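Asker: Encoded as structure tokens, here's the structure I'll be asking about.
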Amino acid sequence: MKITALTTYIVPPRWLFLKIETDEGICGWGEPVVEGRALTVEAAVKELADYLVGKDPRLIEDHWSVMHRGGFYRGGPILMSAIAGIDQALWDIKGKALGVPVHELLGGRCRDRIKVYSWIGGDRPSEVAEGARQVVARGFTALKMNGTEELQIVDSHDRIDAAVERVATVREAVGPHIGIAVDFHGRVHRPMAKALVKELEPYRLMFIEEPVLSENREALKEIAAMSSAPIALGERLYSRWDFKHVFEEGAVDIIQPDLSHAGGITECRKIAAMAEAYDIAVAPHCPLGPIALAACLQLDAVSYNCFIQEQSLGIHYNTGNDLLDYAKNKDVFRYEDGFVAIPDGPGLGVEIDEDYVKEQARKGHRWRNPIWRHADGSFAEW
């Protein structure tokens, strides 16, 4: 079997899909994207295609090593996201060629389903209590919300009070036993993160995400000591070499590798295994499309320390198109009682509606994250 073509499709709301074709008529799909940098990742995929066309798609480990190491410069969000989507598509091909789901090729699943959470509140969280009640009414037992709007490096305590009030309102709305994750989204700097984490302690959070940016992780031990809530991060780390220092430092309880950013199934499988050796949980990051989610569920199936899965159905970014729009088998993600079933179909298990992909690719997108500014005119982290 030989790879004959790699074709990319920029599709709304903010995704990039990849189709890899072979001379045996078997094709695989992947989702290589950095949100807001789809065109840049697309260019990286096309550069890697020069190496891949004519190769046997089943030699996934070797292709991964060449794509990562063979260009001399390595790592970072663009290259690793391009590799990630290619890797997903290669696993999809291999599973389809053998007639088995990818998780069967990774040792077989250790679970039939995994808990999922739903987003509420948007970028600038408001009306969160009603949103939380609706999520719970749909059967979810866990939710995530942005904790705060933009905060300056040192800000006033009325901003802290407003953030705490929102979380308190959600806790009151859903009761004591629904999981609530609060995402600081890298918007909070060390001085205010300490204050905010301490004030959130009474609300028994499922986890606090990115209390500071990953590049400022030296602050995490001090911040973690102020809260009993597990500390989570990892969506902006891209390889096992990025994660190894997080494991060694011992301040993080949950890692969140993104299978469309951190090298795909091949790399994230290794990252999850490393985390297990440090007794660290895994909650894959996935505010993306159906191919990315299908890839995540293959990892969830075989990784003992995966405990919950992010998914984008109804997320505030999905304007115009949503998670299931591009899937032919719309029942592939079967949500029930706050869980989603592990797909059993060959490859990644999701059947992509190629005609609809091509139709939407004619529209494309130029999605960009917003640029925020503080009251003094200086840039604010989104």
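Asker: Where only protein heavy atoms count, and the probe is 1.4 Å, what is the accessible area per residue for the range 104-347 in Å²?
Answerer: Spelled out: the 1.4 Å probe surface of the range 104-347, per residue, equals 37 Å².
Asker: Here is a follow-up. If amide hydrogens are placed 1.01 Å from N in the peptide plane, which non-local residues have theirs closer than 5 Å to the one on L323?
Answerer: G314
Asker: Can you tell me the orientation of helix 190-200 relative to the chain, as the angle in degrees between its alpha-carbon axis and the longest Cα principal axis, to the nearest 10?
Answerer: With both axes taken from Cα atoms, the answer is about 80 degrees.
Asker: Which of the peptides 258-271, 322-335 is most tightly packed, and how do the rest follow, going by the mean number of other Cβ atoms within 10 Å of each residue? Present the calculation step by step, with values, prior to reporting the outcome.
Answerer: Numbers: 258-271: 27.4, 322-335: 17.1.
Highest-to-lowest ranking by the protection proxy: 258-271, 322-335.
Asker: Let me ask you something else. Listed highest first by mean packing, meaning other Cβ atoms within 10 Å per residue, what order do 149-157, 305-313 come in?
Answerer: Details: 149-157: 15.7, 305-313: 21.1.
My ranking of the peptides, most packed first, is 305-313, 149-157.
Asker: While we're on this one: What part of the accessible area of the chain, given as a whole %, is carbon or sulfur when the probe is 1.4 angstrom?
Answerer: C and S fraction of accessible area: 49 percent.
Asker: Compute the acute angle (0 to 90°) between the alpha-carbon long axis of helix 38-52 and the principal axis of greatest extent of the alpha-carbon atoms of the chain; round to the nearest 10°.
Answerer: It works out to around 30 degrees.
Asker: Could you tell me the relative contact order of the chain? Use alpha-carbon pairs under 8 Å, at least six residues apart, and round to a whole percent.
Answerer: This gives 22 percent for the chain.
Asker: Another question, if that's okay. With both partners inside the chain, how many of the DSSP beta bridges are antiparallel, as a percent to the nearest 5?
Answerer: In the chain, DSSP labels about 45 percent of beta bridges as antiparallel.
Asker: Hey, another quick one. Whole number in Å², please: accessible area per residue of the range 3-101, 1.4 Å probe, ligands, DNA and RNA not counted.
Answerer: Values: 3670 Å² over 99 residues.
Per residue, the range 3-101 has 37 Å² of solvent-accessible surface.
Asker: Please state the relative contact order of the range 3-101 as a whole percent: Cα pairs under 8 Å, 6+ residues apart? Kindly include the intermediate steps, with their values, before the conclusion.
Answerer: On the way: 161 pairs, mean separation 33.2, N = 99.
Contact order relative to length: 34 percent.
Asker: Which loop-located chymotrypsin sites (Phe, Trp or Tyr not before Pro) does the range 46-138 contain, where loop means any DSSP state but H, G, I, E or B and the Cβ has at most 16 other Cβ atoms within 10 Å?
Answerer: Counting only loop positions with at most 16 other Cβ atoms within 10 Å, the chymotrypsin sites (Phe, Trp or Tyr not before Pro) in the range 46-138 are F72, Y73.
Asker: Can you pull out the GluC sites (Glu not before Pro) in the range 328-382 whose DSSP state is coil and whose Cβ has at most 16 other Cβ atoms within 10 Å?
Answerer: Sites meeting the loop and neighbour criteria: E381.
Asker: I need the phi-derived Karplus couplings for the range 338-343: 6.51 cos²θ - 1.76 cosθ + 1.60, θ = phi - 60°, integer Hz, Gly and Pro marked x.
Answerer: Once rounded to whole Hz, the list reads x, 10, 10, 6, 6, x.
Asker: Over the range 221-272, what is the relative contact order in percent, taking alpha-carbon pairs closer than 8 angstrom and at least six residues apart?
Answerer: Relative contact order comes out at 40 percent.
Asker: By how many degrees, 0 to 90 and rounded to 10, does the Cα axis of helix 264-277 deviate from the longest principal axis of the chain?
Answerer: Roughly 50 degrees between the two axes.
Asker: Quote the FRET efficiency, to the nearest 0.05, computed for V154 versus E24 with a Förster distance R0 of 41 Å and r equal to the Cβ-Cβ distance. Write out the running numbers ahead of the final one.
Answerer: Working: r = 61 Å, r/R0 = 1.48.
Step by step, r from the Cβ atoms, then E = 0.10.
Asker: Set the Förster distance to 45 Å, then compute FRET efficiency between V66 and E336 from the Cβ-Cβ distance, nearest 0.05.
Answerer: Numbers: r = 41 Å, r/R0 = 0.92.
With R0 = 45 Å, the Cβ-Cβ based efficiency is 0.60.
Asker: Just from its helices, what would the mean residue ellipticity at 222 nm be for the chain, if runs of 4 or more DSSP H residues each count -39500 (n - 2.57) and the sum is divided by every residue, rounded to the nearest 500 deg cm²/dmol?
Answerer: When only DSSP H runs of four or more count, the value is -11500 deg cm²/dmol.
Asker: Taking the chain as a Gaussian network, where each spring joins two C-alpha atoms under 10 Å apart, which residue of G175, G139, G108 fluctuates the most?
Answerer: G175
Asker: Longer than 20 Å from Cα to Cα, which of K19/K328; K115/K221; K19/K96 are they? Say none if no pair is.
Answerer: Over 20 Å Cα-Cα: K115/K221.
The values are calculated or read from the model by the stated rules, or taken from the named source; none is laboratory data. For clarity, every value in this text was computed on a predicted model and none was experimentally measured. Glycine gets a Cβ as well: all are built from the backbone with ideal geometry, and neighbour counts include every protein chain shown. What goes into the accessible areas is simple: the full protein's heavy atoms, side chains included, and nothing from ligands, DNA or RNA. Shrake-Rupley method; radii C 1.70, N 1.55, O 1.52, S 1.80 Å.
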